[in-house]
Amino acid sequence: MGRTENDTWDLASSVGATATMVAAGRARATRAALIDDPFAEPLVRAVGIDFFVRWASGELRSDDVDLPDAPWGMQRMTDQQAARTRYIDAFFAAAQHDGTPAGIRQVIILASGLDTRGYRLPWARGTKVFEIDVPQVVEFKTTALATLGALPRADVRGVAVDLRDDWPSALRQAGFRADLPTAWAAEGLFGYLPPDAQDRLLDHITALSADGSRLIAEVFFSAAASRELFSAIYQRWYQHGLDVALESLGFPGERNDVATYLEERGWQVVRTPLNQLLVDNGFAPAPAGPAAPDTPFAENYYCTAVLRRQAATP
Ligand SMILES: C[S@@+](CC[C@H](N)C(=O)[O-])C[C@H]1O[C@@H](n2cnc3c(N)ncnc32)[C@H](O)[C@@H]1O
């Protein structure tokens, strides 16, 4: 079944299950010593989707679950998590030491899912990390991490709200201050928002961002031609016991290009293709271009941006 305007989910259903899938990727990448997210595997176990637990724990092999030579699958997804986790971790480290006397001490993780940066990165003293996701996701992760004895390494505040609703009010109520510079991350989010909600989200981010704020966003492109390939990949996963439908979780329709939209609103933007990130991290790039029209995510890019509100003085 496709998405609807006011649909809801937990971490074992609908778009929530994608948070568990990418956490399984981080768990597997942690096992391979590519990244270090010690909470990923316990969190995937706590959610309990057996297929993802078996991937996270190393029980399933790529040969078992991936289509031979397919440009996407559990191993590719895992490589992508390793590369993007490193990249976004480095973005936050740079934002904390951005050359200003104070550095950025206010962090917003949009669509936080099972993200554990608040518990594993060495945040500077006084940093607040706001994690925004839907109520069932925020509540589950917060409780599961407490049960695991995980200690926050910043002042971590869950903000349980749907990003299609009035999330800026919820964020303010949680203690957010629009007069301070902010570092924002939107990782694995945009495809799951309706196109107009994506624009509204970027408008709110811009309105809430003080001078010098920074943003990192992952921008998805899933070519129509890749639908059949996705279907074949998921069939394989279903044969291995996955019991959550992963088709049709995105919202269809034309959408504005994130980087262009931000540039038009005063952000200085740098685009980094996913393929460049993969190669920089020692992984094979996804086949791209006219010869490979059905490769999912080959055109994905990461957008890093800084908002400069004050004109430079001569
Ligand atoms: C692919 S997961 C990414 C999770 C996390 N950013 C990561 O990379 O591990 C997608 C996440 O987006 C969240 N999400 C999607 N649509 C949302 C919405 N309208 N409001 C709040 N969260 C949303 C889901 O709950 C899920 O946690």
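FYI, it's all coordinate maths here, none of it is from the lab. A quick note: this is a predicted structure, and the numbers were derived from the prediction, not measured. Glycine gets a Cβ as well: all are built from the backbone with ideal geometry, and neighbour counts include every protein chain shown.
Can you give the helix-only mean residue ellipticity at 222 nm for the chain, where every DSSP H stretch with n ≥ 4 adds -39500 (n - 2.57) and the sum goes over all residues, rounded to the nearest 500 deg cm²/dmol? Write out the running numbers ahead of the final one.
Details: 12 runs with 122 residues, N = 314.
About -11500 deg cm²/dmol.
If you place +1 on the Cβ of every Lys and Arg, -1 on the Cβ of every Asp and Glu, and leave all else neutral, what size is the dipole of region 1-121 about its Cα centre, to the nearest 20 Debye? Numbers along the way, then the final one.
Values: 13 positive and 16 negative charges, 69 e Å.
Computed about the Cα centre, the dipole is about 340 debye.
Shape of region 126-248 from its Cα gyration tensor (a ≥ b ≥ c, root eigenvalues): rounded if a/c is under 1.5, otherwise prolate when a/b > b/c, or oblate?
Details: a/c = 2.46, a/b = 1.44, b/c = 1.71.
Judged from the Cα gyration tensor, region 126-248 comes out oblate (a/c at least 1.5, b/c at or above a/b).
Of PHE130, PHE176, how do they rank once you tally other Cβ atoms within 10 Å and put the fewest first? Let's see the in-between values first.
Numbers: PHE130 23, PHE176 19.
Ascending Cβ contact count within 10 Å gives the list PHE176, PHE130.
How large is the dipole of region 206-314 about the Cα centre if only Lys and Arg carry +1 and Asp and Glu carry -1, each at its Cβ, rounded to the nearest 20 debye?
Numbers: 8 positive and 12 negative charges, 67 e Å.
I would put it at about 320 debye.
What are the extents of the Cα atoms of region 1-53 along their three principal axes, listed from largest to smallest and rounded to whole Å?
Principal axes ranked by extent give 40, 18, 16 Å for the Cα atoms.
Between SER112, ALA146, GLN80, whose Cα lies farthest towards the positive end of the dipole of region 40-193 when Lys and Arg beta carbons carry +1 and Asp and Glu beta carbons carry -1, centred on the Cα centre?
Among SER112, ALA146, GLN80, the one farthest towards the positive end of the dipole of region 40-193 is ALA146.
Are there GluC sites (Glu not before Pro) in region 248-287 that DSSP marks as loop and that have at most 16 other Cβ atoms within 10 Å, and which are they?
Numbers: sites: GLU254, GLU263, GLU264; in loops: GLU254, GLU264.
In loop regions of region 248-287 (DSSP not H, G, I, E or B), the sparsely surrounded GluC sites (Glu not before Pro) are GLU254, GLU264.
Given VAL44, PHE92, PRO71, which one lies farthest toward the positive end of the charge dipole of region 37-150, if we put +1 on the Cβ of every Lys and Arg and -1 on the Cβ of every Asp and Glu?
In region 37-150, that residue is PHE92.
Non-local amide H neighbours of TRP184 (under 5 Å, H modeled in plane, Pro and chain starts lacking H): which ones?
Under 5 Å from the amide H of TRP184: ILE108, ARG214, LEU215, ILE216.
Two-decimal Rg/Rh of region 46-175 from alpha-carbon positions, Kirkwood Rh? Don't skip to the end; give the middle numbers.
Numbers: Rg = 17.2 Å, Rh = 16.8 Å.
Using Cα coordinates only, the ratio equals 1.02.
Please list the three semi-axes, largest first and in whole Å, of the ellipsoid equivalent to the chain, using sqrt of 5 times the eigenvalues of its alpha carbon gyration tensor. Display every interim value, and only then the final one.
Values: eigenvalues 178, 102, 74 Å².
Semi-axes from the Cα gyration tensor: 30, 23, 19 Å.
Taking amide H positions as placed in the peptide plane 1.01 Å from N, state which residues far from VAL159 in sequence (5 or more) or on other chains have amide H under 5 Å from it.
Long-range HN contacts for VAL159: GLU131, ILE132, ASP133.
Quick one: dipole size for region 65-178, taken about the Cα centre, charges +1 on Lys/Arg Cβ and -1 on Asp/Glu Cβ, in debye to the nearest 20.
Numbers: 14 positive and 13 negative charges, 111 e Å.
Computed about the Cα centre, the dipole is about 540 debye.
Residues with beta-carbon under 14 Å from that of LEU110, excluding LEU110: net charge, scoring Lys, Arg +1 and Asp, Glu -1? Don't skip to the end; give the middle numbers.
Details: positive: ARG117, ARG157, ARG164, ARG200, ARG214; negative: ASP115, GLU131, ASP133, ASP162, ASP165, GLU187, ASP203, GLU218.
Every neighbour counted, the sum reads -3.
Across region 179-185, in residue order, what do the Karplus-derived ³J(HN,Hα) couplings come to in whole Hz, using 6.51 cos²θ - 1.76 cosθ + 1.60 with θ = phi - 60° and x for Gly and Pro?
8, 9, x, 10, 10, 10, 10
Just want the answer: with Cβ charges of +1 for Lys and Arg and -1 for Asp and Glu, which residue in ILE233, LEU202, LEU180 is farthest toward the dipole's positive end in the chain?
Ranked along the dipole, the leading option is LEU180.
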